[in-house]
Amino acid sequence: MLRTRWGGWAAAITITLATVALVIGDIYDAAFRHWWSGHALTTDTVSGVLVVLITVLVVDQVVRRRQLKDRARAVSAQAAIMLSQAGRSCRAVSEALDGSGDRGAAGDEFRTYMMMLLVSAPVLIDARAPRAFLEQAQRLGGEMAIALTAARKPDKPAASRHRLDEAIAQLRKAAAPLLAQLNPAERAAAAGEDVRG
């Protein structure tokens, strides 16, 4: 995606420089100006194509940049929502592991988390930072599944809890660059907190 964006700017700059070179040639070179004067249809066609290319390429890059910025904020909000659900799910699974929580409620939280993960995956997969977050979110989902299975076996909860804590810490680390794009009120709203003063 980054390569495409730079390729678009390179094309826009190349066409603009070619147009500037033609204008400079027209101003300072009499033979050049004479040739273009004698070929009116060619002159009109070339100038029309150049104007269209400059307009399309530059406008496309500006619009694409705006879309990426808008999408980045949406992706960041989605990551904040996912992180909030991950925290709730991990708490429920941890409580089920140590015996103080309901395993059925933990299973419900886990299913909610996994559904959110499935829905968010297409949004998160396009760019590097969101994809890293997605990979950590998937890893956390796997650790929660293992922990829920271990909750049935009294000899495995300590190891499962440690792996679960490590996975949620890695998810928070992967979320940091995404959450940095949101202001504190937006992060709190995405996390489901009351932001009224």
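Bear in mind these aren't lab numbers, they're just calculated from the coordinates by the rules spelled out. Note that the structure is predicted; figures quoted are calculated from it, not measured. We place every Cβ from the backbone using ideal geometry, glycine too, and count neighbours over all the protein chains shown.
Assorted remarks:
- Entry note, region 17-158: relative contact order of 19 percent, from Cα contacts under 8 Å with a spacing of 6+ residues.
- Take the Cα of VAL62, step 7 Å toward its Cβ, do the same at HIS162, and the gap between the two points is 5.8 nm.
- For region 36-60 versus region 87-126, the gap between their alpha-carbon centres in whole angstrom: 58
- The chain: angle of helix 103-124 to the longest principal axis, Cα-based, in degrees nearest 10: 10
- Per residue of the chain, the DSSP helices (runs of n ≥ 4 H) give a summed -39500 (n - 2.57) that works out to -30500 deg cm²/dmol at 222 nm.
- Ordering 173-186, 18-31 by mean Cβ neighbour count within 10 Å, with the highest value first, yields 173-186, 18-31.
- Averaging Cα coordinates gives a centre for region 159-181 and one for region 10-35; these two points are 55 Å apart.
- When the chain is treated as a Gaussian network with alpha carbon springs shorter than 10 Å, the biggest mean-square fluctuation among GLY107, GLY141, GLY38 belongs to GLY38.
- Global size of the chain: 27.6, 92 Å for Rg and Dmax (C-alpha atoms, Rg to one decimal, Dmax whole).
- Rounded tilt (10° steps) of 40-98 against the dominant C-alpha axis of the chain: 10
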